[in-house]
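Novice: Dumping the structure here so I can ask a few things about it.
Values in this text are rule-based calculations from the coordinates and carry no lab data. Note that the structure is predicted; figures quoted are calculated from it, not measured. In this analysis, Cβ positions are derived from the backbone assuming ideal geometry, glycine residues included, and neighbour counts consider all displayed protein chains.
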Amino acid sequence: MTVEASPPSPRGADARQSRPVLLTVDDDPSVSRAVARDLRRRYGNEYRILRADSGADALEAIREVVLRGEHVAAILADYRMPRMNGIDFLEQAMDLVPHARRALLTAYADTSAAIAAINVVDVDHYLLKPWEPPEEKLYPVVDDLLAAWQREGREPEHKIKILGHPWSVASYEVRDFLARNMVPYRWYNVEDPDGQRLLAAAGVPADQIPVVITTGGDPLVQPGLSEVADAVGLTTAPAEDFYDLVIVGGGPAGLGAAVYGASEGLKTVIIERAAAGGQAGQSSRIENYLGFPDGVSGGQLTDRARRQAVRFGAELITARSAVGLEVKGPARRVIFDDGSSVLSHAVVLATGVSYRQLPAAGADDLVGRGVYYGSASTQAASCAGDHVIIVGGANSAGQAAVFFSAHAAKVTMAVRGDSLTHSMSTYLIEQIEAIDNVEVRLNTRVEKCEGLDHLQCVTLIDVRDESVEVVDAGHLFVFIGAAPLTDWLPDDLLRDRAGFVRTGSELTSGGERPPGWDLDRDPYLLEASIPGVFVAGDVRAQSVKRVASAVGEGALAVTLVHRYLAE
Ligand SMILES: Cc1cc2nc3c(=O)[nH]c(=O)nc-3n(C[C@H](O)[C@H](O)[C@H](O)COP(=O)(O)OP(=O)(O)OC[C@H]3O[C@@H](n4cnc5c(N)ncnc54)[C@H](O)[C@@H]3O)c2cc1C
């Protein structure tokens, strides 16, 4: 059923018919009505709002619009629809109205589908349901769509394009970087005719991939991530020289600190080396975070947190690593990888942890070419029909097994221990047991990874009797515990033997304050051995490795920053 959702224009029927169309399609009539109502409220005077309850009805409506010689400016399509899902619908709609801008309405759980949609139907935006209040969540997106449609009209599209090879590490890094930063791009394999054509047009030899073609049409040849970040409009340098609070790390702890810091009036900047979200941003489904009874994808959760922090005025600097920390009188100085720096009254270290290297022969050489650390959602599509190996037995590995089981022919979990119960939550164990194509191999270690230009087979050893099995597998994802990367911090910032940063009472055991501590008080609960430097989340010694505790520590750190600033 297609419904005209605009009231008649005061200018009469002809004027109404010639208005460009804004089309929304959702199989849930109440959602469809609600979207149409919100669209009508804001855009009803200039656009004709049409709504449809199925992809087939919507295609019919588009055909009519096209036959009448009218324009479709933008389409908002639900992803989960019976018979024809949003991506299949948009794919067909593109044949009819290639210049209409496209947004996919998704639930939290469908991030990976939304990311995949970038390449299939070139969607401009994802809209998370629910979109209340529309002023904040719906209208800015639709404004963007309409501005792009008006700007580009019938001109050819200039989206960010990546030309690369599926087994090139650098190509993978660029794709992963953009996907993790939620930047839509279009991927071209340079072995395909389209990829070759674009490469030739850019005048770049095939051995100089990846090439990123900007929205302005400029080719960036083998760019660094900060060059890519600049080109796609991510901020890579702080706007000011001095802040109240510099936060290093944009995972849940850093974002938590930023939301509280910025909302409580502190001039706040976050420095993030890769993409905001941290480890949590790579989790396909977090089921134990308070307030999300149906689970939430880590990408969605942390994207919301990022937007919240930015809305409160926090600056987010992406693709920049902190490589030094110095005391400059009452100020603290954080130094970047290019030698530049930023000063602040206080610092929150929220750098989390990174995965340990897999001690298997050949694994290092195949990183990015079949061997991946963490959950690389960009690889989901290329796992189709493949045998995937997940190494590790904790929750992160379990989530990855569930996630990849929907894409791969078979998933094998290689777990060193003799049981999952010590390391994995019961709900995940139950989920895994219920999935036919997931095999759990306990007492198993990965001995060797082999392949010519990409991973092809993996040697597994049963640690009980050292028996060997070589299995064919094209993808292997490593989740074997993590270590803090804190070597860059000064020696007088005390850490434990594993490198986790000590704070609060950890620094005063034995009744002594840390060496060089010159204040007439003990370090606060989350304060490190340098006054004014606070630590939150996984990087802190004795921390609980959870999203909720990282967020909570980020918030608490800000309270302590206020106390420190008031001294
Ligand atoms: C796949 C997976 C699934 C998980 N599932 C769950 C779950 O279901 N429930 C749960 O509670 N927990 C889960 N966890 C654990 C949870 O994600 C972490 O405990 C949490 O993300 C820790 O937050 P953090 O901010 O302390 O650190 P991180 O999330 O590690 O973030 C640290 C950030 O700092 C950045 N950084 C590091 N060094 C620098 C530097 N020098 N300069 C600039 N930036 C830097 C990193 O790039 C990163 O973005 C999961 C983890 C993984 C990997």
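Novice: Go through the range 260-367 and name the trypsin sites (Lys or Arg not before Pro) that are in a DSSP coil and have 15 or fewer other Cβ atoms within 10 Å of their Cβ.
Specialist: Here the trypsin sites (Lys or Arg not before Pro) that fit, given the DSSP loop and packing criteria, are R356.
Novice: Antiparallel DSSP bridges in the range 250-384: what percent, to the nearest 5?
Specialist: 70
Novice: Turning to a different aspect of this structure: Could you work out the per residue convex hull volume over the alpha carbons of the range 455-533, in cubic angstrom? Provide the component values of the computation, followed by the final result.
Specialist: Numbers: hull volume 12.3 nm³, N = 79.
About 156 Å³ per residue, rounded to a whole number.
Novice: Near S340, within a Cβ-to-Cβ distance under 12 Å, what is the net charge of the other residues, with Lys and Arg +1 and Asp and Glu -1? Walk me through the numbers on the way to the answer.
Specialist: Working: positive: R320, R333; negative: D241, D337, D338.
Local net charge: -1.
Novice: Extent of the range 119-256 along each principal axis, from alpha carbon coordinates, in Å, largest to smallest?
Specialist: So the three principal-axis extents are 47, 37, 26 Å.
Novice: Please give the net charge around Y139, taking every other residue with its beta carbon less than 10 angstrom from that of Y139, where Lys and Arg add +1 and Asp and Glu add -1. Could the numbers behind the result be given before it?
Specialist: Values: positive: R41, R42, K137; negative: D38, E135, E136, D143, D144.
Local net charge: -2.
Novice: How much of the DSSP bridge set in the chain is antiparallel, in percent, rounded to the nearest 5? Write out the running numbers ahead of the final one.
Specialist: Details: 37 of 96 bridges.
Close to 40 percent.
Novice: How big is the range 330-438 by the Kirkwood estimate over distinct Cα pairs, in Å?
Specialist: 16.6
Novice: Take the Cα atoms of the range 380-481, find their three principal axes, and give me the spread along each one in whole Å, biggest first.
Specialist: Extents along the principal axes, in whole Å: 39, 35, 24.
Novice: Let me ask another. Between the range 436-509 and the range 340-354, what is the separation of their alpha carbon centroids in Å?
Specialist: 26
Novice: Looking at the range 337-462, what % of its DSSP beta bridges pair antiparallel, to the nearest 5?
Specialist: For the range 337-462, the DSSP antiparallel bridge percentage is about 40.
Novice: Would you kindly calculate the translational diffusion coefficient of the chain, applying Stokes-Einstein with the Kirkwood radius from alpha carbon pairs, for 37 °C and a viscosity of 0.692 mPa s, and quote it in µm² s⁻¹ without decimals? Each step should come with its number before you reach the end.
Specialist: Values: Rh = 25.6 Å.
The calculation lands on 128 µm²/s.
Novice: Could the peptides 253-265, 496-508 be put in order, highest first, of the mean number of other beta-carbon atoms found within 10 Å of their residues?
Specialist: 253-265, 496-508
Novice: How large is Rg over Rh for the range 17-64, taking Rg from the Cα atoms and Rh as the Kirkwood inverse mean of 1/r across Cα pairs?
Specialist: 0.97
Novice: From the C-alpha coordinates alone, can you work out the Kirkwood hydrodynamic radius of the range 373-422, in Å?
Specialist: Computed over the range 373-422, the radius equals 11.1 Å.
Novice: Summing +1 for each Lys or Arg and -1 for each Asp or Glu, what net charge is found among the other residues whose Cβ lies under 12 Å from the Cβ of G250?
Specialist: So the surrounding residues net to +1.
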